[in-house]
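Undergrad: What follows is a single structure, and I will ask about it in a moment.
The values are calculated or read from the model by the stated rules, or taken from the named source; none is laboratory data. Keep in mind that this is a model prediction, so the values were computed, not measured. For neighbour counting, all protein chains shown are included, and Cβ atoms are generated from backbone atoms with ideal geometry for every residue, glycine included. Please note that ligands, DNA and RNA were not included when accessible areas were found on the heavy atoms of the full protein model with its side chains. Shrake-Rupley method; radii C 1.70, N 1.55, O 1.52, S 1.80 Å.
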Amino acid sequence: MTTRQDCLALDAADPLAPLREHFDLPDDLIYLDGNSLGVLPRATPARVQQVVREEWGRDLIQSWNTAGWIDLPQRVGDKIARLIGAGAGEAVAADSTSVNLYKVLMAASHIARQDQPARRVIVSERSNFPTDLYIAESLARELGWTLRLIEPEEVEAALTHDVAVLMLTHVNYRTGRMHDMAAVTRAAHAAGALVVWDLAHSAGAVPVDLRGADADFAVGCGYKYLNGGPGAPAFVWAHPRHADRFWQPLAGWMGHAAPFRFTPDYQPAPGIARYLCGTPAVIAMSALDCGVDTVLAAEPLGGMAALREKSIALTTLFADLVEARCAEHGISVVSPREAALRGSQVCLARAEGAYAIVQALIARRVVGDFRAGDAQTPDILRFGFTPLYTRHVDVWDAVEQLVQVMASGEWREARFHQRAAVT
Ligand SMILES: *Cc1c(COP(=O)(O)O)cnc(C)c1O
């Protein structure tokens, strides 16, 4: 079995190891929650300071022009496009994932209503991230449509003649299970449905090829693997064949063809710019820009393909070690063991104590998180492995701490059982 020494050797030979230097990560912390909130990039504090002190404080309103604030959504969008197989000018950074999902679902529904009015169903997964389901449910109510929820293995069978839109999250937030984007998109198109992909757990974590897969719409998150900071702006992409067909319903002035002409009527900007709504959050967008740069820094080292290779090595090592060392403590691996079916996270389950075990690990400076189960699904201990800053030895040490938490029984202590607001 792999030893700690082996892990140190793997790290010493890792061509991506220097990327860790781009992050301000406390030395004594093993951070396995970059799938929920990415680590602070070293460049971010100075950039935010500059935006606040110089661009805002000194140059004030000129900065919309002189510092290029007005183009930030496009500039950051172009950088993100490089990570998701989209072209320049096809994506913008804006708003939140939830809000962007509303825009693209509405756009997709409009296209469906024009082209195939008999289709009035949105299909998604029961285990999709709840905000995605809430947005789709709300939109279905607004349109008099139906939201149909299925299990991940039922996708193809669910593509019946009444389906207008298939809305999926590429990598499941709980289980880490990943869909084959190209195959699912092909099947949906063959069945006459449009496909909306949520890339919240994909962008910056796994290679994505939206154009190659011929997807229709996509949204994604800025504060997870893109390291944009808490509440960072999200992003939105529409295939160019759709972008100009419909103005999304949140038709704000930043999506107008000429915002500073101040005309009383709305004329949508060409292309993806019409997916902007109001004034960009410049400070947050600047932090996101630094975060995206940390992922782009991998480009000369092999880019997303190299990151994926390391991510698979880390998640496989973690799952192997947990199975070898923690099975006797009742802990099992929930995420798919086949690497091709898994994103950059590994989820574990235990019949009892999942929340407390995560808390006990955090007390030992190993940060993962907890996601509550329900009647059908177990409580989950969730660990994300951001290949930009996670080392093989971190994986080994994290499992060692987990073994100690279980062997000592310390997770049973009352202090680890008090639920916080954010789990
Ligand atoms: C993280 C995540 C979101 C977050 O949406 P916000 O609007 O940023 O709160 C949405 N969808 C999925 C699938 C996510 O993983």
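Undergrad: Convex hull over the alpha-carbon atoms of the range 174-230: what's its volume per residue in Å³?
TA: For the range 174-230, the hull spanned by Cα atoms encloses 87 Å³ per residue.
Undergrad: Cut-off 17 Å, label point 7 angstrom out along Cα-to-Cβ of Glu151: give me the residues of the range 331-354 whose amide nitrogen falls inside.
TA: Once the point is set 7 Å along Cα→Cβ of Glu151, 334-337 turn out to lie under 17 Å by backbone N, inside the range 331-354.
Undergrad: Related question: Rounded to the nearest 5, what % of the DSSP beta bridges within the range 48-296 are antiparallel ones?
TA: The answer is about 40 percent antiparallel.
Undergrad: In addition: Would you list Phe246, Phe23 from the most to the least accessible area, probe 1.4 Å?
TA: Values: Phe246 30, Phe23 5 Å².
Result, largest first: Phe246, Phe23.
Undergrad: Taking R0 as 22 Å, what's the FRET efficiency between Arg141 and Asp162 from their Cβ-Cβ distance, rounded to 0.05?
TA: 0.80
Undergrad: Here's something else I'd like to know. Starting from the amide H of Asp33, placed 1.01 Å from N in the peptide plane, find each other amide H under 5 Å away whose residue is 5 or more places distant or on another chain.
TA: Long-range HN contacts for Asp33: Gly384.
Undergrad: Summing -39500 (n - 2.57) over the DSSP H runs of n ≥ 4 in the chain and dividing by its residue number, what mean residue ellipticity at 222 nm do you reach, to the nearest 500 deg cm²/dmol?
TA: Mean residue ellipticity at 222 nm (helix-derived): -11000 deg cm²/dmol.
Undergrad: Rounded, prolate or oblate: which one fits the range 325-398, using the alpha carbon gyration tensor with axes a ≥ b ≥ c (rounded when a/c is under 1.5, else prolate when a/b beats b/c, else oblate)?
TA: In terms of gyration-tensor shape, oblate.
Undergrad: Additional query: Report the extension gain between Arg415 and Leu296 in nm, rounded to one decimal, defined as 0.36 nm multiplied by the number of residues separating them, less their alpha carbon distance.
TA: Extending this stretch completely gives an extra 38.7 nm.
Undergrad: Can I ask one more? In whole angstrom, and with the biggest value first, how far do the Cα coordinates of the range 1-140 range along each principal axis?
TA: Projected onto its principal axes, the Cα set of the range 1-140 covers 61, 57, 27 Å.
Undergrad: Can you compute the modelled spin-label distance between Ala375 and Ala340, with each label point 7 Å from Cα toward Cβ, in nm?
TA: Result for the modelled spin labels: 3.6 nm.
Undergrad: Quick one: work out the % antiparallel among DSSP beta bridges in the chain, nearest 5. All intermediate terms of the calculation are to be shown ahead of the outcome.
TA: Working: 22 of 40 bridges.
DSSP beta bridges in the chain are roughly 55 percent antiparallel.
Undergrad: Right, here's the next one. With a ≥ b ≥ c the root eigenvalues of the C-alpha gyration tensor of the chain, is it rounded (a/c under 1.5), prolate (a/b larger than b/c) or oblate?
TA: In terms of gyration-tensor shape, oblate.
Undergrad: Top to bottom by accessible area (1.4 Å), largest first, where do Tyr102, Tyr275 land?
TA: Tyr102, Tyr275
Undergrad: Report the accessible area of Ile61, computed with a 1.4 Å probe over the heavy atoms of all protein chains in place, in Å² rounded to the nearest 10.
TA: Accessible area of Ile61: about 130 Å².
Undergrad: What ranking, highest mean first, results for peptides 162-174, 379-391 when packing means the other Cβ atoms within 10 Å averaged over each residue?
TA: 379-391, 162-174
Undergrad: Place a +1 charge on the Cβ of each Lys and Arg in the range 48-296 and a -1 charge on the Cβ of each Asp and Glu, then give the dipole magnitude about the Cα centre in debye, rounded to the nearest 20.
TA: Here the range 48-296 has a charge dipole of around 240 debye.
Undergrad: Further question on the same structure: For the pair Ala88/Asp6, report the inter-label distance in nm, with labels modelled 7 Å from Cα in the Cβ direction.
TA: 4.6 nm
Undergrad: While we're on this one: Counting only protein chains, not ligands or nucleic acids, how are Asp198, Asp180, Asp95 ordered by accessible area (probe 1.4 Å), most first? Before the final figure, lay out the partial values.
TA: Values: Asp198 5, Asp180 95, Asp95 65 Å².
Heavy-atom accessible area, descending, gives Asp180, Asp95, Asp198.
Undergrad: May I pose another question? Could you state how much accessible area Glu151 has, in square angstrom rounded to the nearest 10, with a 1.4 Å probe and all protein chains kept in place?
TA: Its heavy atoms expose roughly 70 Å² to the probe.
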